[in-house]
Amino acid sequence: MGEEATTMATRLFRLIAFLLAVLLVALPQASFAADATAAQVDALGQGGFPEREAAVATLAATGDPKVVPILEALVDGTLYLRKSDSKVVLTTKAGGGFTLKDPLTGGDLGTASSSDIDKIKVNNGLRGRISTLVGQMTLLSTDRTTRLSAAQSVLKTADPATLELLKKALATEADPQIRSVMELAEAVIVLKTDAGADEKRAAIALVTSHGDREALTVLTGALASVPDELKSDVQAGIDSIDRQLQLWDVAQNLVYGLSLGSVLLLAAIGLAITFGVMGVINMAHGEMVMLGAYTTYVVQQLLTAFAPAAMEWSLIIAIPAAFLVSGLVGVAIERGIIRWLYGRPLETLLATWGLSLVLQQAVRSIFGPTNRPVTIPSWMSGQFSLGGLDITWNRLWIFVFALAVFFALQLVLNRTPLGLQMRAVTQNRRMASAMGIRTPFVDAMTFGLGSGVAGLAGVALTQIDNVSPNLGQGYIIDSFMVVVFGGVGNLWGTLIGALSIGMANKFLEPYAGAVLGKIIILVLIILFIQRRPRGLFALKGRAVEQ
């Protein structure tokens, strides 16, 4: 028993001695590593810009995460050299002097006056180099946004020196989007190195598989530098991407056309009610749109002053407000002017045109002639990609809003007493009056409904156009074209007409230009009306009877 205890004690003693030996060896090495890093930081304050750039590169090569804030401080101008011992320090302004901290440890180093320290300066070239190195060093960050930004930075610079770090990051990256960017960056870098033909061929295939404009730029740039045996592969990749991009361009034009069509639908659907149902040529319809836009501006100003927390929902609040303001103005116009001019289209046109000038000048007098800013909510800001399509959130929401307004109007016209009376007056005014329908009331409500819907269009247009007294003038002609083309008084015709004209415009613009494209559309509509005077969907109404 005693011998076993002695043996155990001997083994324990040997283990302790071995651990102490390892610790004694490791401590100097650790101290040396810390001294070396501190020395590398202090080297930032020595020499001129070339020496400083070399010191920056040496620090970045360590891969130490603590180096990133040091380099950022150098760019921000908060890294100084203490004159007494040539030590680089991190500074914070404190009264008439500076508080000093160790850049590596964050330890307090006391205070100093401006005469005791010198700012470590950087030029534009060094600033750009630091930005690149910081981007590369954050490839292994735990924050997703930081890693994505770093991967995009590496892809942009495509520095062969970052290839090993990129491979290390790829080995641990699990996020599909970031991994895709890293793989593309790796392939681009491989094309710049002296890698073998098979490796470069695989890189060409990877770049080609991305199929976007960035990949096309990469292959186009690599075409002149790759070996002759790979030029055919690169050219085949370029041709393949070109074909894909042409198809995506067609789809993108379709999206642009739907976006323009939704705007035209919002602007024209109210006119389809007043012009189609009542036969009134309302040249002040654009000013109803403008009033809706200015109502949105006023709502945002009131929320900013009294309820800033509700600004995120300002557009939702502005929708009923704009409808009421424009609708009430429309009722006042019908009761005060339009009802005396029924059956006299020329006088109606002149009166409403003059009224549009009055409304524009009134708005100029109240709000001024300059554009008024309307804040875009966060949920309508930015864009997203769908395949090769770029879709902005504000345009998407306007498209959804236009469809919602359209179907809401269909519900009003087909499922409410007012809608029933409106349809009755449209089909036969005298018979509707004989049946006890108050046609003057229906006229006022119809004009008010059409004007209110125009105000809703103004709310949507604040997100894509300037809020100015001339806002409505840019849409009045297109609105009339949509209504006449789709069929007077037919909302489904207005929907199809707006989307058709919007998509036709966007398909013609790349080939004929914006102005000539509109002229071609106008000529085609005139020729179409010659063949079908009542538009796509003819509807019996008062204007048609007359």
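The values are calculated or read from the model by the stated rules, or taken from the named source; none is laboratory data. On a predicted model such as this, the values are computed, not experimentally measured, just so you know. Every residue, glycine among them, receives a Cβ derived from its backbone with ideal geometry; neighbour counts consider all protein chains shown.
Report, ordered by the first and then the second residue, all pairs with beta carbons closer than 6 Å, sequence separation of six or more or different chains, a first member in segment 359-372 that is of a type outside the set (Lys, Arg), and a second member that is surrounded by fewer than 16 Cβ atoms within 10 Å (Cβ to Cβ).
Every condition considered, the pairs that remain are Asn371/Asn466.
So, Asn371, is that one more than 21 Å from Val280 (Cβ to Cβ) and out of contact with any Lys or Arg (no Cβ under 9 Å at 6 or more places or on another chain) or not? Can you show your working first?
On the way: more than 21 Å from Val280 (Cβ to Cβ): yes; out of contact with any Lys or Arg (no Cβ under 9 Å at 6 or more places or on another chain): yes.
Judged against the criteria, Asn371 is a match.
Restricting attention to segment 76-132, and to residues there that are closer than 24 Å to Thr58 by Cα and of a type in the set (Gly, Ala, Ser), which single residue is modelled with the lowest pLDDT?
Ser131
Out of segment 237-258, which residues are in contact (Cβ under 8 Å) with a residue 12 or more places away in the chain and under 15 Å from Val207 (Cβ atoms)?
Of everything in segment 237-258, those that are in contact (Cβ under 8 Å) with a residue 12 or more places away in the chain and under 15 Å from Val207 (Cβ atoms) turn out to be Gly237, Ile238, Ser240, Ile241, Asp242, Gln244, Leu245.
Is it the case that Asp159 is within 30 Å of Asp242 (Cβ to Cβ), out of contact with any Cys (no Cβ under 7 Å at 6 or more places or on another chain), in contact (Cβ under 8 Å) with a residue 60 or more places away in the chain and of a type in the set (Asp, Glu)?
Taking the combined requirement at face value, the residue does not satisfy it.
Can you tell me which residue among Ala215, Ala174 is free of Cβ contacts under 8 Å to residues at least 40 places away in the same chain, buried (at least 19 other Cβ atoms within 10 Å of the Cβ) and closer than 27 Å to Arg144 by Cβ?
After ruling out the rest, the residue left standing is Ala215.
Among the residues of segment 278-285, is there at least one that is in a helix (DSSP H, G or I), under 23 Å from Val363 (Cβ atoms) and in contact (Cβ under 8 Å) with a residue 12 or more places away in the chain?
Checked against the condition, which is being in a helix (DSSP H, G or I), under 23 Å from Val363 (Cβ atoms) and in contact (Cβ under 8 Å) with a residue 12 or more places away in the chain, segment 278-285 yields at least one hit.
How about segment 399-450: which of its residues are in a helix (DSSP H, G or I), over 18 Å from Ala322 (Cα atoms) and polar (S, T, N, Q)?
Hits for segment 399-450 are Gln410, Asn414, Gln421, Thr426, Gln427, Ser433, Thr439.
Name the residues in segment 64-81 that are exposed (fewer than 15 other Cβ atoms within 10 Å of the Cβ) and either assigned to a helix (DSSP H, G or I) or assigned by TED's automatic domain parsing to the domain that holds Leu165 (or both), would you?
If the condition is that a residue be exposed (fewer than 15 other Cβ atoms within 10 Å of the Cβ) and either assigned to a helix (DSSP H, G or I) or assigned by TED's automatic domain parsing to the domain that holds Leu165 (or both), then Glu72, Asp76 are the ones that fit.
What is the one condition in (1) part of a loop (DSSP other than H, G, I, E, B); (2) under 29 Å from the mean Cα position of the chain (by Cα) that Thr220 does not satisfy?
Only one criterion in (1) part of a loop (DSSP other than H, G, I, E, B); (2) under 29 Å from the mean Cα position of the chain (by Cα) is unmet by Thr220, namely (1).
Restricting to segment 115-128, give me the number of residues that are in contact with a strand residue (DSSP E or B) (Cβ under 7 Å, 6 or more places away or on another chain) and assigned to a loop (DSSP other than H, G, I, E, B).
2
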